[in-house]
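One structure is given below, encoded as structure tokens.
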Amino acid sequence: MKLKELERPAVQAWSPASQYPLYLATGTSAQQLDSSFSTNGTLEIFEVDFRDPSLDLKHKAVLSASSRFHKLIWGSFGSGLLESSRVIAGGGDNGMLILYNVTHILSSGKEPVIAQKQKHTGAVRALDFNPFQGNLLASGASDSEIFIWDLNNLNVPMTLGSKSQPPEDIKALSWNRQAQHILSSAHPSGKAVVWDLRKNEPIIKVSDHSNRMHCSGLAWHPDIATQLVLCSEDDRLPVIQLWDLRFASLPLKVLENHSRGILSVSWSQADAELLLTSAKDSQILCWNLGSSEVVYKLPTQSSWCFDVQWCPRDPSVFSAASCDGWISLYSVMGRSWEVQHMRQADKISSSFSKGQPLPPLQVPEQVAQASLIPPLKKPPKWVRRPTGVSFAFGGKLVTFGLLSTPAHLVPQACPRLVFISQVTTESEFLMRSTELQEALGSGNLLNYCQNKSQQALLQSEKMLWQFLKVTLEQDSRMKFLKLLGYSKDELQKKVATWLKSDMGLAESPQPKGNDLNSDRQQAFCSQASKHTTEEASASSAFFDELVPQNMTPLEIPITKDVDGLLSQALLLGELGPAVELCLKQERFADALILAQAGGADLLKQTQERYLAKKKTKISSLLACVVQKNWKDVVCTCSLKNWREALALLLTYSGTEKFPELCDMLGTRMEQEGGRALTSEARLCYVCSGSVERLVECWAKCQQALSPMALQDLMEKVMVLNRSLEQLWGPHGVSPGPATIYRVTQYANLLAAQGSLATAMSFLPSDCAQPPVQQLRDRLFHAQGSAVLGQQSPPFPFPRIVVGATLHSKETSSYKLGSQPSHQVPTPSPRPRVFTPQSSPAMCLAPSHPSPYQGPRTQNISNYRAPGPQAIQPLPLSPGVRPASSQPQLLGGQRVQAPNPVGFPGTWPLPGSPLPMACPDIMRPGSTSLPETPRLFPLLPLRPLGPSRMVSHTPAPPASFPVPYLPGDPGAPCSSVLPTTGILTPHPGPQDSWKEAPAARGNLQRNKLQHLPPEKMERKELPPEHQSLKSSFQALLQRCSLSATDLKTKRKLEEAAQRLECLYEKLCEGTLSPHVVAGLHEVARCVDAGSFEQGLAVHAQVAGCSSFSEVSSFMPILKAVLIIAHKLLV
């Protein structure tokens, strides 16, 4: 591509590589004339700024010269009298050599001419500065004259031995790039002479035996000291010869692609394989000397280029001086000329801008194709990576790099080595993971928990491991009570000790009382002793003696006071009024005795009234034990007594309600108790066996995620899972979304450390979530030969047949009676009790069907659930075909199916058959929906009703074309678009949806491609992301209650609207995994009140994500976090 151009009949010279800014010097060419036929000479300097899109060079300085130039060269010289100056040397006619000080030319202050020497006897056509000693300048002219000039002393130049015979012109001079004392010269006769300045004589002469080689230029190899190239300007032999002086009888390579003589050659100093040539066939070619092929070809020019030079500073740029008076700068990296053509066209059009606007320029197709210049066929050395490193899956480190031997010494066919290493950074993490794996494999978890308890430093950790150990043992409730400090054996000992001490006090003399029971006891005791010593008398005397003589006779009060009323009530059997009288007089013991005789209802009422009136320190506990209202105990007890509340549940709660009550107590401790009680809440979840809540509680307590922290969690989760398996069986426990997320994280960490088999063993085998399936697939195939003979996991990505039309695909599926190959993963239920389902895909139906409730249509997911179950085809109504896995609109746009349930689905086109698949119908009472983990108290789930049909447009997947209306801010959730049809439920046994006829159906079908997207139903947020939405909504509510200024409240209202875009993206599953993981981490920071850490996580996620992916919600989320941090909510 052409970068710059300059109209000058001149020779050229680049500034050295160390020079910045980049300059190009031009001197009037001695072999060219302009249109004025002027013979004056000028030296000009131009700045080359590639940031400027124009083709013009910036003119920096101009200087009149005493003669025109055959050769111009720019050297860097920084010693002696001309310290820190740069020198331009020009070779002119009549043996004139002129040296210029560049600094003085640019400043226009001092005399720019350093010296003018006229030692040569002809035109000076060859010049070159020594690359090692900048003060040495070689010059060549006619009559085989070569001089070596020392810029520190220009009086007497050094001559090289005797002149070669016969005398001839010097066409080119070049210093060796490796040996500073070697100089070579090229002659028109086709020979090249190599000089050794230390010996001051030629050491070798190279020439072609055909005698048709007329040298026009030569260049030394940048890396190999003994190799050089010669080019021929003879039209009969337009070749480039590569010579090695160690074998000077024949050239190593001969490059033939020019059709006429070669005028100039330049060897790239940045890549020794690239050689640039220009010839009389008007072509500029770039050669790859390694493969001897042309890797870049500049389009044919109208004139010859007599000089080409690589730019020393920018290796991809070269300049070409042509015989038609132009100097052009090009790039070999390839680019279209269309931009420059359009810029030129606009420049011309500006002259005609007074009239009406011109029509668009119609460029012929042939011209447009010709303007596209391909880059180099092979990446040049400055673009290639000399070394590289990349981490691969499974903790592998892949590296490549430079060889220890120089590149030019390596054979061409030498293989390049790639090294694969195993990197292990977390040795302790791997060791603990191995210990856990061995304990799980051997079943010796009791000793494992015991060791963990002994090794724990914190008392809370020690207690937690003791609780986990108890879950593996029999009679776990009693042992939980012992761990909480409540033991029946110890209690009995304490009560017996206290009673003994109390009886000792009772043996001391007490005053006599009127207690009827004590009198009766004494009477019976004395009577019994009398009967042991005397014989029995007559029967009448015997019965008389049975009645104690000293007892007070039974008297029933008949007075009008309370005792009299109470006597009358008892005599009449009215126990209810009698109890009322006793309670009125606070005779609670009498009331309770009478209520017990009156039945269970009366006793219960009496107990409640007693407990309500009698307020003591122990009355609340008595009320709990008597009334057995454990839910109120959990909801109202002081969190200081959480241990006592847990002990009550362990002692009295039934098996069915116990897990739920423990979860409620733990949730209260999390929400109201602060960080300390949040940590203790884990004991409640261990008692209830709630693995999911244990994981969520751990996430709240964890400030920063580290491998060792995750290892601690997995140890507890696996032990608790094993105890649940012992209780419910291996299929009775199914992990929840939070558990799956952490287990997947843990498996990824293990895989990153190279422990692939262990990582795969921890993944849940029956989980159909895409991240788990994808990780399982990667782990399986990464193990290679280690899994030979094992069954491969199902492919976790959709298989799409490219090129098949929708109609034929649907028709063939219907004819064969086949079912779609992709199924929907089952939402994970609460991990306490799991009821196996007949299929991973199911449709949900409410427990109480509504007359308007149509059949539920199930979507076709992109993931196949594992398992041998097959979905049975349902009967279809006439005209309805089974849906293909990915129906498409005209033009390739994907569509979504109707989905009242809320799972991801696809809508059909108006007028086209609707996809339907309903593999399973859930029976009423089924427990397939997960309970919301963060809400307290637990609320019942309501069945989905027909109101779910009205919703907004969800965001399509990011990989599909997304049609937005003009003016939309980029978020599809902000658009409310008209529909092209109305969907009505179609009752009947077929369980299908049909589209109602539209009044203008034909017109709508004709304009289908021009209509906006259909208004579609909002999908239900997946269960694993419900906690995310709950956290953000709760944060917005707290901020709204705390905000006082109107601006902040408006910002929060805007945030609530824009976060809907996030929820819709989560529904569609279009967010990348690291964004989803980061959002969940932000939500956990929000729940913990750590907004600074949440902002740090937010910045990390935003920094490594695509702007188009997160721009609709990440900025407003950051604003909400900042507001929450300021308000201290």
Handout entry: Count of region 1103-1129 residues which are under 13 Å from the mean Cα position of the chain (by Cα), modelled with pLDDT under 85 and buried (at least 17 other Cβ atoms within 10 Å of the Cβ)
Key = 1
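Condition check: closer than 30 Å to A699 by Cβ and in contact (Cβ under 8 Å) with a residue 24 or more places away in the chain. Does L602 satisfy that?
Values: closer than 30 Å to A699 by Cβ: no; in contact (Cβ under 8 Å) with a residue 24 or more places away in the chain: yes.
Here the answer is no, as L602 does not meet what is asked.
Kindly indicate whether Q1037 is assigned to a helix (DSSP H, G or I), under 30 Å from P771 (Cβ atoms) and out of contact with any His (no Cβ under 7 Å at 6 or more places or on another chain). If you could, list the steps in order and put the result at the bottom.
Values: assigned to a helix (DSSP H, G or I): yes; under 30 Å from P771 (Cβ atoms): no; out of contact with any His (no Cβ under 7 Å at 6 or more places or on another chain): yes.
No; evaluated as a whole, the condition is false for this residue.
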Fill in the blank from the handout: Taking region 1025-1051 and keeping only residues that are more than 18 Å from C1085 (Cβ to Cβ) and in contact with a Phe, Trp or Tyr (Cβ under 8 Å, 6 or more places away or on another chain), one is left with none
Practice task
Look through region 254-305, keep the residues that are touching a residue at least 40 places away in the same chain (Cβ under 8 Å) and charged (D, E, K, R), and return whichever of them is most open to solvent (accessible area, probe 1.4 Å).
Solution key: E293
Practice task
Please state which of the following conditions A747 fails to meet, knowing it meets all the rest: (1) open to solvent by 10 Å² or more (accessible area, probe 1.4 Å); (2) at pLDDT 90 or above.
Solution key: (1)
Fill in the blank from the handout: So the strands (runs of 3 or more DSSP E) completely within region 1-86 holding 3 or more residues that are at pLDDT below 90 and of a type in the set (G, A, S) are none
Exercise for the section: Taking the options I593, I556, I618, name whichever one is modelled with pLDDT of 75 or more and β-branched (V, I, T). Expected result: I593
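Take the conditions among the hydrophobic types (A, V, I, L, M, F, W, C), open to solvent by less than 40 Å² (accessible area, probe 1.4 Å) and modelled with pLDDT of 85 or more and apply them to A759. Does it pass? Even if it seems obvious, please write down each step before you answer.
Numbers: among the hydrophobic types (A, V, I, L, M, F, W, C): yes; open to solvent by less than 40 Å² (accessible area, probe 1.4 Å): yes; modelled with pLDDT of 85 or more: yes.
Considered against the rule, which asks whether it is among the hydrophobic types (A, V, I, L, M, F, W, C), open to solvent by less than 40 Å² (accessible area, probe 1.4 Å) and modelled with pLDDT of 85 or more, A759 comes out as yes.
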Exercise for the section: Working only within region 699-710, note down all residues that are open to solvent by less than 20 Å² (accessible area, probe 1.4 Å) and in contact with a Leu (Cβ under 8 Å, 6 or more places away or on another chain). Expected result: L710
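Which one of F129, F77 is in contact (Cβ under 8 Å) with a residue 12 or more places away in the chain and over 54 Å from the mean Cα position of the chain (by Cα)? Before you say what the answer is, go through the steps one by one.
On the way: F77 fails: over 54 Å from the mean Cα position of the chain (by Cα).
Within the list F129, F77, the selection yields F129.
Each row is one residue, and each column tells you yes or no for (1) open to solvent by 10 Å² or more (accessible area, probe 1.4 Å); (2) modelled with pLDDT under 90; (3) out of contact with any strand residue (DSSP E or B) (no Cβ under 7 Å at 6 or more places or on another chain).
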site	(1), (2), (3)
D143	yes, yes, yes
W149	no, no, no
P157	yes, no, no
E168	yes, yes, yes
L173	yes, no, no
S189	yes, yes, yes
P202	yes, no, no
A225	yes, no, yes
Practice task
Among the helices (runs of 4 or more DSSP H) lying completely within region 724-786, list those that include at least 3 residues that are touching a residue at least 40 places away in the same chain (Cβ under 8 Å) and under 16 Å from V695 (Cβ atoms).
Solution key: 737-752
Handout entry: Qualifying residues in region 213-233 (those that are in contact with a Ser or Thr (Cβ under 9 Å, 6 or more places away or on another chain) and in a loop (DSSP other than H, G, I, E, B)) - the one farthest from D196 (Cα to Cα)
Key = E233
Exercise for the section: Just give me the residues in region 87-99 being modelled with pLDDT of 90 or more and in contact with a Lys or Arg (Cβ under 9 Å, 6 or more places away or on another chain), in sequence order. Expected result: A89, G90, G91, G92, M96, L97, I98, L99
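Each row is one residue, and each column tells you yes or no for (1) under 20 Å from the mean Cα position of the chain (by Cα); (2) modelled with pLDDT under 85; (3) open to solvent by 70 Å² or more (accessible area, probe 1.4 Å); (4) not basic (K, R).
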residue: K1019; (1), (2), (3), (4): no, yes, no, no
residue: P1022; (1), (2), (3), (4): yes, no, no, yes
residue: K1049; (1), (2), (3), (4): no, no, yes, no
residue: Y1063; (1), (2), (3), (4): yes, no, no, yes
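Which of the residues spanning region 657-698 are aromatic (F, W, Y) and open to solvent by 10 Å² or more (accessible area, probe 1.4 Å)?
First, pick out the residues of region 657-698 that are aromatic (F, W, Y): 658, 685, 698.
Selection gives F658, W698.
The values are calculated or read from the model by the stated rules, or taken from the named source; none is laboratory data. Just so you know, these numbers come straight off a predicted model, no measurement behind them. No Cβ is skipped: glycine too gets one built from the backbone with ideal geometry, and neighbour counts run over all protein chains shown. Just the protein is used for accessible areas: all its heavy atoms, side chains included, with ligands, DNA and RNA removed. Shrake-Rupley method; radii C 1.70, N 1.55, O 1.52, S 1.80 Å.
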